[in-house]
């Protein structure tokens, strides 16, 4: 389905995992895609995969924790493809495992800067560009930890809860401007970020937390994200959608 034909999209954290899967699917469905990542080489790798299937994409380096960098990213998209219609604010980081009272201040600030401030900066500049383009759709990548807690992860959990509130507020503000804004909450997804430092036993334990009995895949998150970006979701805005294998049913 080429239902994103001639639309311009940007995906942050597109160098690997969920972000790469979303960028690849958007391009396969006809969008002009900018794959943005703090690791430019990884973003280029995603663009190379897209180009191999005749998709149209460009790579861009961005530090989402830095407002001018995000502003420059959006300007690059508009200069390269003439506008902006779709955006996925996916870039995010984890953090140390530590109790709240002992959580390192530097790590707290870094996670807030990337996971929350980075999404705010994205919205700030993406919305302005979309208004110039006549409207669009945005998906912010939250987590199951936007609805439940997790021990020893106060910073990450806080940002993902806050991101849902930010999404709902912005959605209310811009619904009348033909801009839809939603959030997606994945559970544990089989990506390099999650599994690269885990042994087989730990991965199996994480999989068992989901009633469906396994980890999710980046493509499963991409499928939901691209639906929310599409015209098939034209009456959906300000919502928070889980893709969690039943994790939060327990």
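Its residue count N sets the reference 2.2 N^0.38 Å, and the alpha-carbon radius of gyration of the range 105-250 equals 1.10 times that reference.
The fraction of Cα-Cα pairs per 10 angstrom bin, counted from 0 for the range 191-250, comes to 19, 41, 29, 10, 1 percent, rounded to whole percents. Helix 218-229 axis versus longest C-alpha principal axis of the chain: approximately 50°, rounded to the nearest ten.
The label-point distance for residue 49 and residue 100, in a model that sets each label 7 Å from Cα toward Cβ, rounds to 3.8 nm.
Going from the fewest other Cβ atoms within 10 Å to the most, the residues 71, 126 appear in the order 71, 126.
Each helix, a run of at least 4 DSSP H residues, gives -39500 (n - 2.57); summed and divided by the residues of the chain, these come to -13500 deg cm²/dmol at 222 nm. Relative to the longest principal axis of the Cα atoms of the chain, helix 67-81 runs at roughly 40 degrees.
Which residues in the range 1-25 place their backbone N less than 20 Å from a point set 7 Å from the Cα of residue 223 along the Cα-to-Cβ direction? Within reach of a label on residue 223, which here means backbone N under 20 Å from a point 7 Å along Cα→Cβ, the range 1-25 contributes 1-4, 17-25.
From the alpha carbon centroid of the range 84-103 to that of the range 41-72 is 19 Å. Taking the fewest neighbouring Cβ atoms within 10 Å as the starting point, the ordered list for 79, 98 is 79, 98.
The mean sequence distance of close C-alpha pairs (under 8 Å, at least 6 residues apart), as a share of the length of the range 8-241, puts its relative contact order at 20 percent. Here the peptides 10-17, 22-29, 127-134, 222-229 are ranked by packing, the mean other Cβ count within 10 Å, and the order with the highest first is 10-17, 22-29, 222-229, 127-134. Helix 17-28 axis versus longest C-alpha principal axis of the chain: approximately 20°, rounded to the nearest ten.
Hull surface divided by four, with the convex hull built on the Cα atoms of the range 8-241: how many nm²? Provide the component values of the computation, followed by the final result.
Working: hull surface 49.9 nm².
So the Cα hull casts an average projection of 12.5 nm².
At an R0 of 35 angstrom, the distance between the Cβ atoms of residue 56 and residue 197 translates into a FRET efficiency of 0.50.
I'd like to compare 205-218, 146-159: which one has the highest average count of other Cβ atoms within 10 Å, and what's the full order after that?
146-159, 205-218
Every number in this text was worked out from the coordinates using simple rules, so none of it is lab data. These numbers come from a predicted model, not from an experiment. Cβ sites come from the backbone with ideal geometry, for glycine too, and all protein chains shown count toward neighbours.
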